[in-house]
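What follows is one structure encoded as structure tokens, with my remarks underneath.
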Amino acid sequence: MPFELFVALRFLREGRAQTALILGGTTVGVAVMVFVTALIGGLQALLVEQTLSSQAHVTLRRPERVARVLPAAAGEGVAAVIEKVPERDRSVESWPEALARVRAAPGVVAAAPTAAGSAFASRAEVSKSVALRGIEPESFDAVIRVARKLRAGALRVNGTEAVIGTVLAADLGLGVGDKLRLAAADGRSDVFTVSGVFDFGNRDVNQRWVLVSLRAAQTLLDLEGGITTIEVKVADPFQAEALAADLAERTGLVADSWMRVNHQLLTALRSQRASALTIEAFVVLAVALGIASVLGVSVLQRSRQIGILRATGTSTGAVLRVFLAEGALVGLAGSGTGCALGAALALAFSNLAKNPYGEAVIPVELSPRLFVLASLVAIGTGVVSALYPARHAARLDPAQVIRYG
Amino acid sequence: MAESLLELAGVRKDYVAGPVVTPVLHGIDLALAPGEFTALVGPSGSGKSTLLNLIGLLDRPTAGTIRLAGRDTATLDERALTRCRGRTIGFVFQFHHLLPEFTALENVMLPMMAGKGRPDREMAEGAAGLLREVGLGEVLDRRAARLSGGQAQRVAVARALALAPRLVLADEPTGNLDTRTADGIFALLRRFNREAGIAFLVVTHDPRLADRCDRIVELIDGRIVADRPSRKEPA
């Protein structure tokens, strides 16, 4: 063991009360850091997860038709009022090629064709407006995990089978195996059998979504084999915006990322993260001041010992390193206990509140990366805050200290 | 006489506190030969400790030169001074000045570690050997804080000798010990002086001890007023 570490360890071991104080401070600081980061991280992941659970990362659709003004003859002016052309859900042109191109794009995990439009779901006298989605169960489930959200039945849309949400099921008094009638705006309708009931934890989705087979939706919505959107799942949800632009270029379709659609959520997440960082910065500052002041007192108390070390051949550099090592050791030990305490707090917190399905309401995010980061911050803080007292120690005049110390 | 181990020429030291300049040493000329056992006597405030700190390279003179083993110490930077101090000079202070956090053995090893950077077996054996020589083979692993005054001062002597110095500076090494213990410590210093040829410069108030040295240098008001062989031959 190097000389400096040996001396630092012994000073720490013998200065019990001070060491306990610094360790306590560092532990609490690291614990707060771990707890806050885990909580905010978990909360953000939850919010993003909830938002994305019923939403594709990127949605591609056909560009809207633009009304053009007829070119005026030379020398003539044209006054025009341009109105948006009311459009029926129009299908994506040559969608199999577009889909293949999307699937081949880098960063795309999965892509699903859907035929979507509005319809009415009715049973007996009760009728509800719904969002009809024609899907291929496998590709759709790869983009939006429906199977995991099923509370009854299965994700099966063969023939005239439909998968509906819990709220619609309750509104119409439906269960798996029951029949409902789905009618499109122009009167086309068919009777479907409920094959599954999902719960996305989102009232609107649970009330409005009706999943049927692609073919059934195409028939109801009069799309003649067409689709209205390609729904895409990407590898990194936070790169969705950039990828959307890339996909738009590749396919000539209009691409909307979840980030643009949920702009406010992202702003909220960002400010939440900023406030967490601010809290952590102040915690680090408080810990640094604590370490510096306690080490400062310990330098004063040990000035005689430092003088003796200097008189018996210890260099100023070695004295400096002794106290820097004390700071680093305190940071290291404090990060160990702090990570444990912070993790325990976070887990206890997330165990307090659970939803009816036994899942934590606020899951905490405890990653190895967080522990490594917190430890590095703690050790760095220890060393930096030891700098001032260490320099003071190294500058002590051994002659003075031995004589008067 | 062989070449001097230590040579001071015209050494002056002023202490400056704000606008007040207090001259402590006024032109000290002094030479110590290898293996010489010298007493430095004088009343309190005569500048003995200041002189000892200068010789021990813990402080630099205001004027004059200090040559240690033929080298002018003014040319050495802080690092080289520390190294030179560690290799050439050993200290025994009035109050043993052991590090209370460490054991007797570790206290003796500290100067060795400071030089080498990390402890090794050879170091521990050397330190244990020294402690046995000063009669402390039984308390190697006892904390310095739990040693008696006489034991602590013996550890301090062993520590001063840890790096086999050529000169040991002792500032009233027996100042706060009873007569019997003081005699024991002094005899110990004398023995190392005779057996290993180490030079000693011992500050003392005790004329009885001064008389047992080879040479007595008397300092009054920052000047050497007497420099003579001791009256008695050492026992």
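The values are calculated or read from the model by the stated rules, or taken from the named source; none is laboratory data. This is a predicted model, so every value here is computed, not measured. Don't worry about glycine lacking a Cβ; one is built from the backbone with ideal geometry, like all the others, and counts go over all protein chains shown.
Would you check if residue B:117 is surrounded by fewer than 23 Cβ atoms within 10 Å (Cβ to Cβ), touching a residue at least 60 places away in the same chain (Cβ under 8 Å) and facing another protein chain (nearest Cβ under 8 Å)?
Judged against the criteria, residue B:117 is not a match.
Determine whether segment B:98-113 contains at least one residue that is more than 7 Å from every other protein chain (Cβ to nearest Cβ), out of contact with any helix residue (DSSP H, G or I) (no Cβ under 6 Å at 6 or more places or on another chain), polar (S, T, N, Q) and within 24 Å of residue B:138 (Cβ to Cβ).
yes
With segment A:248-342 as the region, which helices (runs of 4 or more DSSP H) entirely inside it contain at least 2 residues that are modelled with pLDDT under 85 and more than 23 Å from residue A:14 (Cβ to Cβ)?
Passing ranges, in order: A:263-301.
Output the strands (runs of 3 or more DSSP E) that fall wholly within segment A:159-229 and possess 3 or more residues being farther than 30 Å from residue A:360 by Cα and touching a helix residue (DSSP H, G or I) at 6+ places or on another chain (Cβ under 9 Å), or say none.
In segment A:159-229, A:179-184, A:189-198 are the strands (runs of 3 or more DSSP E) which contain 3 or more residues that are farther than 30 Å from residue A:360 by Cα and touching a helix residue (DSSP H, G or I) at 6+ places or on another chain (Cβ under 9 Å).
Just need a number here: residues in segment B:56-83 that are under 23 Å from residue B:110 (Cβ atoms), touching a Leu at 6+ places or on another chain (Cβ under 7 Å) and within 14 Å of chain A (Cβ to nearest Cβ).
3
Return yes or no: is residue B:86 crowded, with 22+ Cβ neighbours inside 10 Å, in a strand (DSSP E or B) and at the interface with another protein chain (Cβ under 10 Å from one of its Cβ atoms)?
Considered against the rule, which asks whether it is crowded, with 22+ Cβ neighbours inside 10 Å, in a strand (DSSP E or B) and at the interface with another protein chain (Cβ under 10 Å from one of its Cβ atoms), residue B:86 comes out as no.
Go through segment B:112-144 and give me each residue that's among the basic types (Lys, Arg), farther than 25 Å from residue A:319 by Cβ and not in a helix (DSSP H, G or I).
Passing the criteria: only B:142.
When you look at residue A:139, is it surrounded by fewer than 17 Cβ atoms within 10 Å (Cβ to Cβ), hydroxyl-bearing (Ser, Thr, Tyr), in contact with a strand residue (DSSP E or B) (Cβ under 9 Å, 6 or more places away or on another chain) and at pLDDT 90 or above, yes or no?
no
Just the residues that are within 17 Å of residue B:90 (Cβ to Cβ), surrounded by fewer than 18 Cβ atoms within 10 Å (Cβ to Cβ) and not basic (Lys, Arg), please, taken from segment B:183-212.
Passing the criteria: B:195, B:196, B:197.
Within segment A:106-138, track down each residue that is closer than 14 Å to residue A:57 by Cα and among the small types (Gly, Ala, Ser).
A:107, A:110, A:111, A:112
Between A:187, A:134, A:173, A:159, which is assigned by TED's automatic domain parsing to the domain that holds residue A:206, at positive phi and modelled with pLDDT of 90 or more?
Only one candidate passes the filter, namely A:173.
Of the residues that make up segment A:89-98, is at least one loosely packed, with under 11 Cβ neighbours inside 10 Å and of a type in the set (A, V, I, L, M, F, W, C)?
Within segment A:89-98, none of the residues are loosely packed, with under 11 Cβ neighbours inside 10 Å and of a type in the set (A, V, I, L, M, F, W, C).
Confirm whether residue B:123 is at the interface with chain A (Cβ under 9 Å from one of its Cβ atoms), over 17 Å from the mean Cα position of the chain (by Cα) and of a type in the set (A, V, I, L, M).
no
Select from segment B:190-206 the residues that are part of a helix (DSSP H, G or I) and without any contact (Cβ under 8 Å) to a residue 60 or more places away in the chain and list them in ascending order.
Answer for segment B:190-206, where residues must be part of a helix (DSSP H, G or I) and without any contact (Cβ under 8 Å) to a residue 60 or more places away in the chain: B:191, B:192, B:194, B:195, B:196.
For segment A:127-146, which residues satisfy the criterion of being closer than 12 Å to residue A:206 by Cα and out of contact with any Pro (no Cβ under 9 Å at 6 or more places or on another chain)?
Matches in segment A:127-146: A:130, A:131.
Go through A:268, A:240, A:235 for me and flag whichever is surrounded by 17 or more Cβ atoms within 10 Å (Cβ to Cβ) and either at negative phi or in contact with a Lys or Arg (Cβ under 6 Å, 6 or more places away or on another chain) (or both).
The conditions single out A:240.
If we only count strands (runs of 3 or more DSSP E) wholly inside segment B:1-58, which ones have 3 or more residues that are modelled with pLDDT under 90?
The strands (runs of 3 or more DSSP E) meeting that bar are B:6-17, B:20-32.
Quick check, is residue A:7 away from chain B (no Cβ under 14 Å), hydrophobic (A, V, I, L, M, F, W, C), surrounded by 14 or more Cβ atoms within 10 Å (Cβ to Cβ) and outside any loop (DSSP other than H, G, I, E, B)?
no
If we scan segment A:78-87, do we find a residue that is within 14 Å of chain B (Cβ to nearest Cβ) and over 25 Å from residue A:224 (Cβ atoms)?
no
Do you know which residues across segment B:80-96 are within 14 Å of residue A:312 (Cα to Cα) and out of contact with any strand residue (DSSP E or B) (no Cβ under 8 Å at 6 or more places or on another chain)?
Result: B:80, B:81, B:82, B:83, B:85, B:86, B:87, B:96.
Hey, could you check segment A:308-325 for residues that are out of contact with any His (no Cβ under 6 Å at 6 or more places or on another chain) and among the aliphatic types (A, V, I, L, M) and say which is nearest to residue A:384 (Cα to Cα)?
Ranking the candidates gives A:324 first.
For (1) β-branched (Val, Ile, Thr); (2) more than 14 Å from every other protein chain (Cβ to nearest Cβ), each residue gets a yes or a no:
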{"site": "A:312", "(1), (2)": "yes, no"}
{"site": "A:330", "(1), (2)": "yes, yes"}
{"site": "A:362", "(1), (2)": "yes, yes"}
{"site": "A:397", "(1), (2)": "no, no"}
